[in-house]
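Novice: Could you have a look at this structure, given as structure tokens, before my questions?
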Amino acid sequence: MSQDAFLHTSLTYLKGVGPDRALLLEKELGLSTFGDLLHYFPFRYVDKSTYTSVREAFASSSPVQMKGRISKISEIGEGRKKRLTAVFTDDSASIDLVWFKGIKWVKPLILEETEFLLYGKVTKFGPKYNIAHPEIEKFEIAKTKSGSLQPIYNSGEKLTSKGLHSKGIEKIMRTLISLIASKIPQTLSEEIITKYHLISKEQALQQIHFPENSEQIKSARLRLVFEELFFMQLSLIKQKLITQRKSKGYLFEAVGLHFNTFYNNHLPFELTNAQKRVVKEIRRDTATGNQMNRLLQGDVGSGKTLVAVLCMLVALDNGFQACLLAPTEILANQHFQSVTEFLGPMGVEIGLLTGSTKKAQRTVLHEALENGSMQILIGTHAILEDKVVFKNLGLAIIDEQHRFGVAQRGKLWKKNIYPPHILVMTATPIPRTLAMTFYGDLDISVIDELPPGRKEIQTIHYFDSKRLLLFQFLEDEIKKGRQIYIVYPLIEESETLDYKDLMDGYESISRRFPRPQYQISIVHGKMKPADKDYEMQLFASGKTQILVATTVIEVGVNVPNASVMVIESAEKFGLSTLHQLRGRVGRGAEQSYCILMTGYKLSEDAKLRMETMTRTSDGFEIAEVDLRMRGPGDIMGTQQSGILDLKIADLARDNQLLNLARICASEILDTDPDLTHKKNYSIRQELLSQMKRKTVWSRIS
Ligand code: ADP
Ligand code: MG
């Protein structure tokens, strides 16, 4: 049998499986071939030689392994309330065990007065301790030789009913592993294996399932994680090369009058080094003749708008138009204002197109765009409509990308004969590992430096009991002429409740800060857009001192005189939102403050979030903590989670390996873009076979 054929053999042919179990493995776990099963990895290992005493277990917050005997087995309740209970005892103490589900399968396994190994997490229930759904297994002396590790596999109720609980899976895995000698094809090249000191694939599979010690798990994991990340990066980079080859783009050959005039005569300040570097990167991209697809990440306040302006000027210098898309009308307005401030004096023609642009104005705009007299268009989704036709669009910049879908970006591509260059700007720092995965087919630029002279925002965590102190502080700041944001959570499931919180808050603030001495704006999701805009404008122009709002102000709004951000029920917000909200202040010359208000009772997660916010203001550092706490799926949204279908790599943990894998993949594609060199034969075969098997790591930009 050839090596490939072995991996593709149906599991029905594995001893101990048969048609019924094969069907179940396919349905429940998506495993249908030998290869699939070999890549179904244990999620942990049990060391049979060490246990915790029951008494010690009472105090442990993580699951523990114990050795003892079971007694007093009984079934209580009827129907859905039925439970199986027992008592587990060792030399130190006793603890209750309870099962709510799968009683039929568990009951025959537990026997009184037999020694068992038990694994589970202790919870306290009133004065008593118990363990729900522990894993149990008869104690066998033979398995307890020091260091022996038993693999534990994820299973499920249906699988368990056919004997395919973790131990059952272990058994068929043992059978399969005994067959693999010389049957596992090479997937990496000799060159890579030597360079990164990897063990062979065959050995790695053996060790990951049946390690003799923890060193073996380590070296197996290294090999398998590297391989998984390597092929992911390889196909992403390959995808990028193909897109670039296909998409001819416009050539921005030179900088000219617009750019130079602005740079030399109108630039209000020196660019930061990071801004300079990013402008250079974009210049290089747009001078190749291929279409640029670039993601620009930069923390709030890092000066992305200015970079956008400079790039638009390069487009203009080469005879093209440019557009800038914002996710909301407020932001489009703000961009229009700041770009007009920058470029108006030079006589550049700039237009604004949003949902509320009047029909008569639209007609004028459409014509100016079509005949080319309008050079820069700023707006919302309205720009994407088919009616909006440019004479010669060369560059499209999208601010805050996550609100624009793929289909919408596709519309931009069709606005000219060749697709315009695309620059996506985001202020939501994404950990590098995630960026490399989700945007692996885009180029990435990072502004990792704030303009000079910014005062660090002071972040303080107050419990609700400090409210009087807070109000006094706000009064003092208002006396100094500052403005204040007070933000309430908005969680969609409990909208009415949140609305009530907001209104209660608004009332008590109004009582403490009464008119006419104080003026307060309020903005929330139930208001009409025009009313929201009106209230925002009052605040932005300084006519109101306090803005009470839900998170609608999260993205992009710029009021430099606002120097205090109070976040109510801060424990209800995720880290990235807290960081975004904090970014609304610290935009002017004054010392700014962010005050996190919470109740006394905080979960461990919430404590860590408050601690992180008060410790650092580095968006990337915060994003890393967020990734560790929430995992990649939650951060990027579930609709993209297909890409996270990783079998063994962990993006939060395998940071460094991902870097290595990316470098390694790009080095190989640099010298051998089509993988036709003989030494890369195995890599090519594996890539082709992965592509056939659906795992194509591409994300359309
Ligand atoms: P963001 O990246 O959040 O979009 P902005 O582009 O709004 O940031 O810039 C934030 C503020 O910093 C603006 O007031 C802008 O004029 C100012 N700014 C941008 N670049 C510099 C610089 N190099 N030096 C000083 N101030 C700058
Ligand atoms: Mg911005």
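Novice: Quick one: order 266, 579 from most to least accessible surface, probe 1.4 Å. Please list the in-between numbers first.
Specialist: Numbers: 266 65, 579 10 Å².
Accessible-area ranking of 266, 579, largest first: 266, 579.
Novice: Moving to a separate point now. Apply the membrane-span-like helix rule to the chain: whole DSSP H runs, Cα extent along the own long axis of at least 15 Å, mean Kyte-Doolittle hydropathy at least -0.5. List the helices found. Each step should come with its number before you reach the end.
Specialist: Working: long enough: 18-29 (16 Å, -0.33); 166-177 (16 Å, 0.12); 214-246 (48 Å, -0.12); 273-286 (20 Å, -1.52); 304-317 (20 Å, 1.98); 329-343 (21 Å, 0.10); 359-371 (18 Å, -0.84); 467-479 (18 Å, 0.22); 495-512 (26 Å, -1.21); 529-540 (16 Å, -0.72); 604-615 (16 Å, -1.28); 619-630 (16 Å, -0.07); 655-671 (25 Å, 0.40); 681-692 (17 Å, -0.65).
Within the chain the helices that satisfy the rule are 18-29, 166-177, 214-246, 304-317, 329-343, 467-479, 619-630, 655-671.
Novice: Also, I was wondering about something else. Mind counting lysine pairs for me in the range 458-616? Cα separation below 17 Å, and the two need to be 8 or more apart along the chain or on different chains.
Specialist: On the way: 466/601; 479/543; 480/543; 500/526; 500/572; 532/543; 572/601; 572/607.
Lysine pairs meeting the criterion: 8.
Novice: Here is a further query. Based on DSSP, what percent of beta bridges with both residues in the chain are antiparallel, to the nearest 5? Before the final figure, lay out each step's value.
Specialist: Details: 32 of 86 bridges.
If we restrict to bridges inside the chain, about 35 percent are antiparallel.
Novice: Same structure, new question: If I model a spin label as a point 7 Å beyond the Cα along the Cα-Cβ vector, how far apart are those points for residue 50 and residue 171 in nm?
Specialist: 3.0 nm
Novice: Using the crude model of +1 on Lys and Arg Cβ and -1 on Asp and Glu Cβ, and no other charge, please compute the dipole size for the chain relative to its Cα centre, in debye to 20.
Specialist: Details: 91 positive and 81 negative charges, 225 e Å.
For this selection, approximately 1080 debye.
Novice: Could you work out the equivalent-ellipsoid semi-axes for the range 458-616, taking the square root of 5 times each eigenvalue of the Cα gyration tensor, largest first, in whole Å?
Specialist: 22, 18, 16
Novice: In bins 10 Å wide, starting from 0, what share of all Cα pairs of the range 50-144 does each bin hold, as a percent?
Specialist: The distribution over the range 50-144 is 16, 52, 29, 4, 0, given as percents.
Novice: With the cut-off at 32 Å, report for the chain the share of all Cα pairs above it, as a whole percent. Before the final figure, lay out each step's value.
Specialist: Details: 155497 of 245350 pairs.
Tail fraction, whole percent: 63.
Novice: Something else: At each listed q (0.17, 0.19, 0.21 Å⁻¹), what is the log10 of I(q)/I(0) that the Debye formula gives for the range 180-298 modelled as equal alpha-carbon point scatterers?
Specialist: For the range 180-298 at q = 0.17, 0.19, 0.21 Å⁻¹, log10 I(q)/I(0) is -0.92, -1.04, -1.15.
Novice: While we're looking at this one, here's another question. Using the charge dipole of the range 458-616 (Lys, Arg: +1 at Cβ; Asp, Glu: -1 at Cβ; taken about the Cα centre), state which of 540, 496, 551 has its Cα farthest towards the positive end.
Specialist: 540
Novice: Also, I was wondering about something else. Name the residue farthest towards the positive end of the dipole of the range 39-182 from the options 163, 118, 86, assuming +1 on Cβ of Lys and Arg, -1 on Cβ of Asp and Glu, about the Cα centre.
Specialist: In the range 39-182, that residue is 163.
The values are calculated or read from the model by the stated rules, or taken from the named source; none is laboratory data. What you see is a predicted model, and the numbers here were worked out from it, not measured in a lab. Positions of Cβ are backbone-derived with ideal geometry, glycine not excepted, and every protein chain shown enters the neighbour counts. Side chains included, ligands, DNA and RNA excluded: accessible areas come from the protein's heavy atoms. Shrake-Rupley method; radii C 1.70, N 1.55, O 1.52, S 1.80 Å.
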